[in-house]
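In what follows, a structure is listed as structure tokens, so that the remarks can point back to it.
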There are 2 protein chains.
Amino acid sequence: MSTQESTVSDQNGTGRRNGKPTLAVVGATGAVGSVMLGILTEREDVWGEIRLVASARSAGKVLRVRGEDVVVQALTPEVFDGVDVAMFDVPDEVSAEWAPIAVERGAVAVDNSGAFRMDPDVPLVVPEVNGEQARNRPKGIISNPNCTTLTMMDALGALHARWRLTELVVASYQAASGAGQPGVDRLYDELEVVAGNRGLGQRAGDVAEAVAAKLGDGPSPFPAPLALNVVPVAGSVKDGGWTSEELKVRNESRKILGIPDLRVSATCVRVPVQTTHSLAVHATFAEEITVEEARAALEAAPSVEVLDDLAAGVFPTPAGTVGGDPTVVGRLRQALDFPNTLDLFVCGDNLRKGAALNTAQIAELLAAEFTA
Amino acid sequence: MSTQESTVSDQNGTGRRNGKPTLAVVGATGAVGSVMLGILTEREDVWGEIRLVASARSAGKVLRVRGEDVVVQALTPEVFDGVDVAMFDVPDEVSAEWAPIAVERGAVAVDNSGAFRMDPDVPLVVPEVNGEQARNRPKGIISNPNCTTLTMMDALGALHARWRLTELVVASYQAASGAGQPGVDRLYDELEVVAGNRGLGQRAGDVAEAVAAKLGDGPSPFPAPLALNVVPVAGSVKDGGWTSEELKVRNESRKILGIPDLRVSATCVRVPVQTTHSLAVHATFAEEITVEEARAALEAAPSVEVLDDLAAGVFPTPAGTVGGDPTVVGRLRQALDFPNTLDLFVCGDNLRKGAALNTAQIAELLAAEFTA
């Protein structure tokens, strides 16, 4: 670790560097974790010490954040001593066990797993939409929404504020990195199998056979080939034929937007895209909405970029959105047969706004509290 | 041309081989045309002579159908002399000009372009749904629906017959071959660029840059890269920000199902799949519908295959559907918040049921008339 700054005790007796709060990043070595280190480096530096934490297997690795080398520490209760804010990007069961431990040690936990999102005592926060709820955290835990839900919350929040959302029908086009680095690796492994193999994709099962012949029966994070295919399954199987991902879109949208009776149907589909989820959204409002008014409201939203001039070839795509902060919205259309209804297409980087960026934004709300 | 059968004149003075009607396939050398030749070879042989027709550029080529070599003839008025049924799979403007010429020369035209579909004097036919309308053809022309609409007509027709469809919200996942062989070639060209290039797809525009660097600025049938991407544009730009493809889904569904006031919103998106369109469908009915009853009705439909057991890993995908005749349906779910509403996922081969197969089925209805 190299730093020109010295660690000093502030008036509260914590070990805050330069009086700034201490942050722990749990899951620093994962797909979201590495995006997080980039985001922490790019954004205004509100943190004193940044402690990187991962499983014992990854402890001792050296990662770079804010231009400094930082040694990864193993996940133990003691690692949270002196930590003000602990971000978690780890599996549900790890968060369920460790977020409360971080809280016991004095940190506020910002958790990107599904473990606490629907807990009525845990706020589910998108800073642009319901940031004020971050202050009401009886368990000391704040949840970060699911990446698919997050893709559309900024845009829908801006529209809901004026026209009051009542119904959502959503179909997703979800990227491989939603399944983490193994998802990305698998996609590229499969693409290498199919790329030179013109003629594939004309007979049922030929892609699956080609992939199995080259990659063996090794485990894939996807239940069918993703190259030259789309897979209408994301998450686990729930009652009624719904997937966990589809129910998250419904339940988390209701909680974030504060519309307990919002009517939602979602179909979640994986597509062979590296990173950035896209959504086709059919949104119905309580009041009359026009495309022009909607476009103006979206353009005024700070975290939304509007790309909506089809005649000029201007529309959102995941490959044109990835790596950026804004939610990109386009294909705005007044539904021809449904009153008060807008059809639109939304793209958002699932590792950034869909995960690391929103988590960082929540943590910054807390940093502002600590330094206020 | 080799055949053991002799051409004889029947009592009507036409040159029908074995008393069977004569078929012309116009556009025989295209992507749909070559699938058509396979379909004509596989299906029950109801045709006497099969005449293959294409642009002057392709005249003289020899193609194989029903195990025979057939020389492609140039498109001229005379080529339709003695023809009973003329199938067209050519651009709109070619159909608009030539289908009436075929009719003048005594043929019934079955047209797979958009030129006549919404003409009130031209039936738009899916044999399993409204086959009886093929007999009422004041202009001597029958239209074959757009491939995206066709993907769901068999399934929705079976459900509409019992529960009366009132609303459709559709998002599509359309294959590259919907843009013909140039679409397929472009997809494979782009896949070869990106496949070994791990790290692509993390920064906005990097896929487009890599593709442009390798493939140059050569024309693509798609308005954005398709590899590692999805493109929310198919067809041409129409009023209100809608695309021609999205309006076809609305207007053709209304006409085929005979529901002039059906409420429809569609968002049409191209995905990096070779062949087979998929649709996420949110369908509302006038009467209460359950998943169990819907599944039974779909299983009873002759041209629909139900793959719907998510817990057992059974669901439709385009790569598992391509090359087959049935529409494959799964992910059946009762909408949680919308009465009388079913969410489902449908896959259909856009070159077969979406084009050549349905055209062949319409032509067979006509063949049965001629030989009755």
Worksheet entry | Spin-label pair A:Thr41/B:Arg162, simplified geometry with 7 Å Cα→Cβ offset, distance in nm | 5.9 nm
Worksheet item: Full extension from B:Arg64 to B:Asp92: what is 0.36 nm times the residue separation minus their Cα-Cα distance, to one decimal in nm?
Response: 7.5 nm
Worksheet entry | Inter-label distance for B:Ala213 and B:Thr371, nm, one decimal - labels placed 7 Å from Cα along Cα-to-Cβ | 5.9 nm
Worksheet item: Which value, in debye to the nearest 20, describes the size of the charge dipole of the stretch B:102-167 about its Cα centre when Lys and Arg Cβ atoms bear +1, Asp and Glu Cβ atoms bear -1, and nothing else is charged?
Response: 100 debye
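Relative to the Cα centre, what is the charge dipole magnitude of chain A, using +1 at the beta carbon of each Lys and Arg, -1 at the beta carbon of each Asp and Glu, and rounding to the nearest 20 debye? It would help to have the intermediate numbers written out before the result.
On the way: 32 positive and 49 negative charges, 72 e Å.
I would put it at about 340 debye.
Helix-only estimate, please: 222 nm mean residue ellipticity of chain B, summing -39500 (n - 2.57) across DSSP H runs of length 4 or more and dividing by its residues, to the nearest 500. Walk me through the numbers on the way to the answer.
Numbers: 10 runs with 115 residues, N = 372.
Taking each H run of at least 4 residues, the total per residue is -9500 deg cm²/dmol.
Compute the relative contact order of the stretch B:198-345 as a whole-number percentage, counting only Cα pairs closer than 8 Å that sit 6 or more residues apart in sequence. Intermediate values should be presented prior to the final figure.
Values: 182 pairs, mean separation 27.7, N = 148.
Normalised by residue count, the contact order of the stretch B:198-345 is 19 percent.
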Item to complete: Over the stretch A:167-219, average the accessible area per residue using a 1.4 Å probe and give it in Å², no decimals.
Response: 40 Å²
Fill in: Occluded residues from the stretch A:200-237, i.e. those whose accessible area drops by 30 Å² or more once the chain is not alone (1.4 Å probe)
A:Gly201, A:Gln202, A:Ala204, A:Leu228, A:Asn229, A:Val230, A:Pro232, A:Val233, A:Val237
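How big is the charge dipole of the stretch B:68-134 about its Cα centre, in debye rounded to the nearest 20, if each Lys and Arg gets +1 on its Cβ and each Asp and Glu gets -1 on its Cβ? Can you show the working numbers first?
Numbers: 2 positive and 15 negative charges, 24 e Å.
Here the size comes out at about 120 debye.
Within the P(r) computed for the protein assembly as shown, what percentage of the Cα pairs occupies the region above 40 Å?
37 percent
Once fully extended, how much extra length lies between B:Ala312 and B:Asp119, figured as 0.36 nm per residue of separation less the alpha-carbon to alpha-carbon distance?
Working: separation 193, 0.36 × 193 = 69.48 nm, distance 4.58 nm.
The span from B:Ala312 to B:Asp119 would gain 64.9 nm if fully extended.
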Worksheet item: Any idea how many Lys pairs in chain A come in under 26 angstrom at the alpha carbon, given 8 or more places apart or on separate chains?
Response: 10
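Given contacts defined as C-alpha pairs under 8 Å and at least six residues apart, what's the relative contact order of the stretch A:119-277, whole-number percent?
Details: 230 pairs, mean separation 51.2, N = 159.
After rounding, I find 32 percent.
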Response to the item:
Projecting the Cα atoms of A:Leu165, A:Val322, A:Ser34 onto the charge dipole of chain A, where Lys and Arg contribute +1 and Asp and Glu -1 at Cβ, the residue farthest towards the positive end is A:Ser34
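Ranked by accessible surface with a 1.4 Å probe, highest first, in what order do B:Glu44, B:Glu78 come? Before the final figure, lay out each step's value.
On the way: B:Glu44 150, B:Glu78 105 Å².
Reading off the accessible areas and sorting them downward yields B:Glu44, B:Glu78.
The values are calculated or read from the model by the stated rules, or taken from the named source; none is laboratory data. The model shown is predicted, which means the values in this text are computed figures rather than measured ones. A quick note on method: Cβ atoms are made from the backbone with ideal geometry, for glycine too, and the neighbour counts reach across all protein chains shown. Heavy atoms of the whole protein, side chains included, go into the accessibility calculation; ligands, DNA and RNA do not. Shrake-Rupley method; radii C 1.70, N 1.55, O 1.52, S 1.80 Å.
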